[in-house]
1. What's the magnitude of the charge dipole for chain B around its Cα centre, counting Lys and Arg as +1 and Asp and Glu as -1 at the beta-carbon? Answer in Debye, nearest 20.
2. In the range A:188-339, if the dipole is taken from +1 on Lys/Arg beta carbons and -1 on Asp/Glu beta carbons about the Cα centre, which of A:326, A:258, A:239 is farthest to the positive end?
3. Which order do the peptides A:634-646, A:301-313 take when ranked by the mean count of other beta-carbon atoms within 10 Å per residue, highest first?
4. Please give the net charge around residue B:147, taking every other residue with its beta carbon less than 9 angstrom from that of residue B:147, where Lys and Arg add +1 and Asp and Glu add -1.
5. Counting only other chains, and only Cβ atoms inside 10 Å, what mean value do you get across the residues of A:260-266?
6. With +1 on each Lys and Arg Cβ and -1 on each Asp and Glu Cβ, how big is the dipole of the protein assembly as shown about its Cα centre, in debye rounded to the nearest 20?
7. By how many nm would the segment from residue A:562 to residue A:585 lengthen if fully extended, with 0.36 nm per residue of separation less the alpha-carbon distance?
8. Among B:177-187, A:424-434, B:38-48, how do they line up by average Cβ neighbours within 10 Å per residue, starting with the highest?
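Just so you know, all these numbers are worked out from the coordinates, no wet-lab data involved. Since this is a predicted model, take the numbers as computed values, not measurements. Here the Cβ positions follow ideal geometry from the backbone for every residue, glycine too, while neighbour counts run over all protein chains shown.
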Amino acid sequence: MRIIYTDVLVVGGGLAGLRAAVGARRRGHDVIILSLVPPKRSHSAAAQGGMQASLGNTVKGEGDNEDVHFEDTVRGSDWGCDQDVARLFVHTAPQAVRELAAWGVPWNRIKAGDREVIMDGKRVTLTEGQAAHGLIAARDFGGTKKWRTCYVSDGTGHAMLYAVSDQAVAESIPVHERMEALALIHEGGRCHGAVVRNLVSGELTAYVAKATCIATGGFGRIYRVTSNAVINEGIGAAIALETGAACLGNMEAVQFHPTTIFPAGILVTEGCRGDGGLLKDAAGHRFMPDYEPEKKELASRDVVSRRMEEHIRAGHGVKSRFGEHLWLDITLLGAAHIDGKLREVKEICQHFLGIDPSRDLIPVRPAQHYSMGGIRTDARGHARGLKGLFACGEAACWDLHGFNRLGGNSVAETVVAGMIVGENMADFVESAAGELQVSTALVRECLDAEQAKLDTLLHGNGTESGAELMRRMQDIMTDKVGIFRTGELLHSAVEELQGLLVRSRRIGLRTRRPGANPELVTAYRVQKMLKLALCVAYGALQRTESRGAHFREDYPRRDDASWLKRTLATWHDDFQTLPTLDYEALDVTAMELPPGWRGYGARNAIEHPATAGRAAEISAIRSAFGHADRFTVQQALMPFDHLIPSRFRGRNARLGETS
Amino acid sequence: MKKNAVSSGHRALTLRILRSSPTEGVAPHWQDFHLEEAEGMTLFIALNEVRETLDPALQFDFVCRAGICGSCGMLINGKPGLACRSLTRDLDPLITLAPLPVFELIGDLSVNTGKWMRGTAERLETWVHSSQEADLTALEAPMEPELAEAIYELDRCIECGCCVAGCGTLRMREEFVGAIGLNKIARFRLDPRDERSDDDFYQLIGDDTGVFGCMSLLACQDVCPKGLPLQTQIAFLRRKMVASGL
């Protein structure tokens, strides 16, 4: 039996996992990272447009601060997020950008003086101040009041990932590549590490750790049409679910990005619209102002995606041999801007569509893009129900995003949550609760159980095809659990997915070799992915309201009275065919920003009975603190300082703001 | 060169793939797979179709399938390139695919670029060397906008390994850092946040495993999918390192 011991085991080598690992390592702990691929290949690299942080350097960011970023994030989430977490996040994000700057990320910088930009289809001159010259620039993104998205051309995630990955090398953190965690080792509500399969040799190893962190990203590949990389299959979330102790939060909250190229589903950044690009229909008409007069193309993603599909349904789509799409027009930005700030977009258009976006329109249609749901954690990133298990980044439901994530907040979340969870894991490892108390008998039992499952697949007499089940699942999710949902479609999706789950217990293989074997990998992954798909579909069926990206045509209103709560899915026993759903109420009386209208989208929510009372309380507090600074007022409304790790507690400096 | 893309999309394609499996003792051999071309087909789509319908054991690496992550470097008709963004319509109907040379072979089209790149990062210390810990709550140090863009230009390397596979020098000198390594040095040399001097860089690349080993064949630049200015960077670095070595 091969056992590797470490203080901290990080599963996932993307931005969140790497940053958490660096944090724990710098506190003096041994850390090992497991990754399916070389870490610089992680899907974090595909984040194009930028990360939000309220530096307020640019003239269009003047007056920006944590308060504005907080409100944008909560509105974006359609009040589904955890407001403590949103506060913790907006406080730490400027520090994350500045840390990355010190680590070498070549953030785009402000040039003092005049420059021409495109806003709302028109050419406008902006004048940047002298004091801001050389400081970090920001572009506009959807659902934000200020230009807040810091960027490196449209290769932001790439530049960030390389800087953080190289920091992990600098810290001598070993990354065990082409390794996949198949199960968590746990007993009595305490996680002790993971059983891990070497994807080249097929060998199983037990990694035993004081703290285990899942940072495996999202699960977009349960859908057929997705912007996600092929490795985004959600196995990290699935193995947490399979413990029966940890739970997954808000799995029905799935984001569809408005602009992926049609039909390949490859992302072109929201920065295209942030920088002035327009959405047009078959007639060349710019339709978003008709639906969203205030934010137009820059409403939140859930709203824009829905409006686009609505417009296609109304008969305005462009017909093609693959189906219908709309146009993204960035020709008005000019070749110089595209060559400098949207060069990945340009390359993608050239290579996959054979077009030049400075002259041609880009065919786009919404596709699955982001998983707001994931492993439910507390504000410290500690998994609910399983001590010693942490999660961060897209794999987690920390819950920064609620039912809709703002563009630029996810790549920001990876590093911010990594910073916070790295510190919190170090605290845990140093505490009495962090002591390792695990018997090798338990480890052997877990290893043997996983080996037995693999042996059943390799040598059993199953007849089902894993690839076929995967295809069918992806079709069901895209066709029935998409942007527009109905009880009828969801019901049929849940039924069919249950059938597939039962069939997945009888998968047989044509290739029986134990080592590198893509067919075997598909087989055991689809068994896990079907459970995730059922959490999404069943959660969506039960949630009889519309909130953020979860839109029910049969229940089109946001219902705060009944549904201001987070779905929690658990899977207690392997023979269940449906998750057990519980709900965690959001406490309106503790909110800094009680539910209201988002400023875009529908304005028809059913009010929570406590909303009016809390709103009155907040105005009373605000008037009582009339002349106090914003930090004092915020502290009185919803104190969160106790959640910030001590090294990140300082106040963020800004141009023109004295603290 | 791109061919006129009025493809009807129904050519019969043959993927001739160099198969092997060191762990299973399968020696390298060519195997042909036949499939029908589809509209907009890339090698990503074609290889997945082969795996799904013809041989579930075929090994290859894709991650982003969008030309961003650098996972899918392979020899396409003998030339290193990214498979995910290679459209079949730009290729003749007989397409040969082989794993990138130089790197440790995992099996079929899959090679261990990760190990090579980690080795490069450790050897050349490809991170900003700074003696001060940044104050994260203070305003960031300013940087000229043009300089930030120039650094990004070199930071765009995706470590796909195409330049390594196309390098003549690396066939002769296993220890050569390659264009990828030299470009990294050029990138950090340009970055004022990195306190290393030319003398420090000379210690890393001032011999024939570094910048003086390059034979100037410059296939690296020809095959770089990101169009990095590798040729000028190597020439520039060589001049600077000569000055430093005097």
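1. About 800 debye.
2. A:239
3. Working: A:634-646: 14.8, A:301-313: 22.6.
By packing density, highest mean first, the sequence is A:301-313, A:634-646.
4. Details: positive: A:109; negative: B:144, B:146, B:149, B:191.
Counting the neighbours of residue B:147, the net charge comes to -3.
5. Values: counts 1, 1, 0, 2, 6, 2, 7.
Per-residue shielding by partner chains comes out at 3.
6. 1040
7. 7.3 nm
8. Highest mean packing first, the order is B:177-187, B:38-48, A:424-434.
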